[in-house]
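The values are calculated or read from the model by the stated rules, or taken from the named source; none is laboratory data. Owing to the predicted nature of the structure, the values given are computational and were not obtained by experimental measurement. Because the Cβ atoms are built from the backbone with ideal geometry, glycine has one as well, and the counts that use them run over all protein chains shown.
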Amino acid sequence: MDAAEMVELCRRHTMYSWSAGAKIDPIPFERAEGVWFYEPSGKRWLDFNSQLMSVNIGHGHPAVKARMKDAVDRVIFAGPGMATAIRAKVGARLAAKMPGDLDSVFFTLGGAEANENAIKAARLFTGRHKILARYRSYHGATHGAMSLTGDPRRWPNEPGMSGVVRVMDPRPLTYSFGDDEEALVANHLTYLEEVIRFEGPHTIAAMFIETVTGTNGILPPPRGYLRGLRALLDKYGILLVCDEVMCAFGRTGKWFAFEHGDIVPDILTMAKGLTSSYVPLGAMAVSRRIADHFEANVFWGGLTYNAHPFCLEVADAVLDVMEEENLVERSAEMGVVLEGRLAALARRHPSVRTHRNIGLFGIVELAGDREGRPLCGYNETHPASGKLAKYFRDHGLYTLVQGSSFMCNPPLCITTEELDHGLGVVDAGLSMLDADLFG
């Protein structure tokens, strides 16, 4: 199938996420390998966003593909009430990998399902109904997960699930909680405790956070925030749920992002990098005390594809690759390289307002004037960012450009040469932006 037919039939007969069908312009995608993917014409793209921050080990890893072919000759499906060898193996393997007493896993087919089941588990375990969530967050597109989500995608889906109480982030968009990290954390936690007391601590089951906020800005938590938050929630018997659908499995330079904060959540949700998105799989992990509760009490959650054996075979193979190729350590090392390269771009280009990354989880924010104000406001667009997106596309660089920012989230296997290739395109695009915005 050539590119034109591929695009035409996809547009005519399939629906795309977060899009009006008449306005989409999908990239024809024929094959992929490593950090590259290709159109039918042979045009090569550098995948600078790991598709959706998810193809962590790179595209088409031969060891995983071989395992997938081999798995077809074993148990290809077993119902959720079955015990299989691969379910036993991957469950135990994740339990050993996760810090603290996170050692029981409920498998799903994606991150939204993992968060839906975390809502159920938190409410059933505590007997409480309310859930705290943050405004600059995204937890998934299903009913409960979308209700937890703070970003504007929830607006057309409202009214949502009852019981959600949203709070500002530790680094609000405009309001300041303090001038330094210590003051910021202390003041934010004072504000959060006031919200908890107003809502009634005895009514709140859990607080959901993205350990590192993803699509809403790649926002690592301030120093000391996770420890302070953990202590505050413990004070009131409120569970901490860390949504690491996007930031787990090496993306931040550690297996799990919460390890940067020296805490362990009560519930952890994950997906994406668990299989490098080669097949759908997610998981909700719970602490031993929650697991013990559901030994004696029914967990009122179920999925036809819970613990799907084929998907678990892929997860097992991906974990092998990550360990054998030291991809978590590589992400930490390449994150230092990325930080240095982004700092150099910021020095050269007035159009760069700021940048940040933790491991290979990065973002560049664009400036609209020489005083460093954002290119556009929250949930707004600007012609300059559209022009930059087109430049990246014309030059074979795939990443997300939205509002005043663009993402820098390549596969963890990227080499320095490949990183520099991508940032070379970014450098030229920013030069174009500098000329347009500042003359």
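Of all residues in the range 178-193, at least one satisfies being part of a helix (DSSP H, G or I), surrounded by fewer than 16 Cβ atoms within 10 Å (Cβ to Cβ) and touching a Leu at 6+ places or on another chain (Cβ under 8 Å).
Mind checking which pairs have a first residue in the range 138-152 that is touching a residue at least 60 places away in the same chain (Cβ under 8 Å) and a second that is aromatic (F, W, Y) and crowded, with 21+ Cβ neighbours inside 10 Å, Cβ under 6 Å, 6 or more apart or different chains? As it stands, the answer is L148/F208; D151/Y138, since those pairs meet every condition given.
Yes/no per residue for (1) over 24 Å from the mean Cα position of the chain (by Cα); (2) under 20 Å from G429 (Cα atoms):
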position: S331; (1), (2): no, no
position: V336; (1), (2): no, no
position: P350; (1), (2): yes, yes
position: G362; (1), (2): no, yes
position: R370; (1), (2): yes, yes
position: R373; (1), (2): yes, yes
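Here's the yes/no breakdown for (1) at pLDDT 95 or above; (2) hydrophobic (A, V, I, L, M, F, W, C):
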{"site": "S147", "(1), (2)": "yes, no"}
{"site": "S176", "(1), (2)": "no, no"}
{"site": "L184", "(1), (2)": "no, yes"}
{"site": "T203", "(1), (2)": "yes, no"}
{"site": "T213", "(1), (2)": "yes, no"}
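The C-beta contact set for the range 39-64 (first residue in contact (Cβ under 8 Å) with a residue 40 or more places away in the chain and more than 13 Å from G273 (Cβ to Cβ), second residue in a loop (DSSP other than H, G, I, E, B) and of a type in the set (G, A, S), distance under 6 angstrom, 6+ apart or interchain) comprises R44/G396; W45/G396. The condition of being assigned by TED's automatic domain parsing to the domain that holds M284 and under 18 Å from the mean Cα position of the chain (by Cα) holds for only one of L240, L232, L184, that being L240.
As a summary of the residue check, G377 satisfies the conditions (1) modelled with pLDDT of 95 or more; (2) under 16 Å from Q402 (Cβ atoms); (3) of a type in the set (G, A, S) except for the one numbered (1). Note on the range 337-373: among residues that are out of contact with any Gly (no Cβ under 9 Å at 6 or more places or on another chain) and of a type in the set (A, V, I, L, M, F, W, C), the one that is surrounded by the most Cβ atoms within 10 Å (Cβ to Cβ) is V364.
Taking first residues from the range 192-221 that are outside the structural domain of H260 (by TED's automatic domain parsing) and charged (D, E, K, R) and partners that are modelled with pLDDT under 95 and not in a strand (DSSP E or B), no Cβ contact under 8 Å between residues at least 6 apart in sequence or on separate chains turns up. Screening K97, K69 for residues that are outside the structural domain of L412 (by TED's automatic domain parsing) and exposed (fewer than 14 other Cβ atoms within 10 Å of the Cβ) leaves exactly one candidate, K69. Looking only at residues that are in a helix (DSSP H, G or I) and out of contact with any helix residue (DSSP H, G or I) (no Cβ under 8 Å at 6 or more places or on another chain) in the range 300-323, which one is surrounded by the most Cβ atoms within 10 Å (Cβ to Cβ)? So the residue we want is C311.
Selection of the range 146-190 for residues being more than 26 Å from H129 (Cβ to Cβ) and either hydrophobic (A, V, I, L, M, F, W, C) or touching a Cys at 6+ places or on another chain (Cβ under 8 Å) (or both) yields L173, F177, A183, L184, V185, A186.
Restricting the search to strands (runs of 3 or more DSSP E) fully inside the range 234-299 and requiring at least 2 residues that are at negative phi and in contact with a His (Cβ under 8 Å, 6 or more places away or on another chain) gives an empty result. The condition of being outside the structural domain of T354 (by TED's automatic domain parsing) and either in a loop (DSSP other than H, G, I, E, B) or basic (K, R) (or both) holds for T174.
Considered as a group, the residues in the range 96-115 that are over 20 Å from V279 (Cβ atoms) and touching a residue at least 60 places away in the same chain (Cβ under 8 Å) include one that is nearest to the chain's Cα centre (by Cα), and that residue is M98.
Screening the candidates M161, M207 for the property of being outside any helix (DSSP H, G or I), closer than 25 Å to E259 by Cβ and modelled with pLDDT of 95 or more yields one hit, M207.
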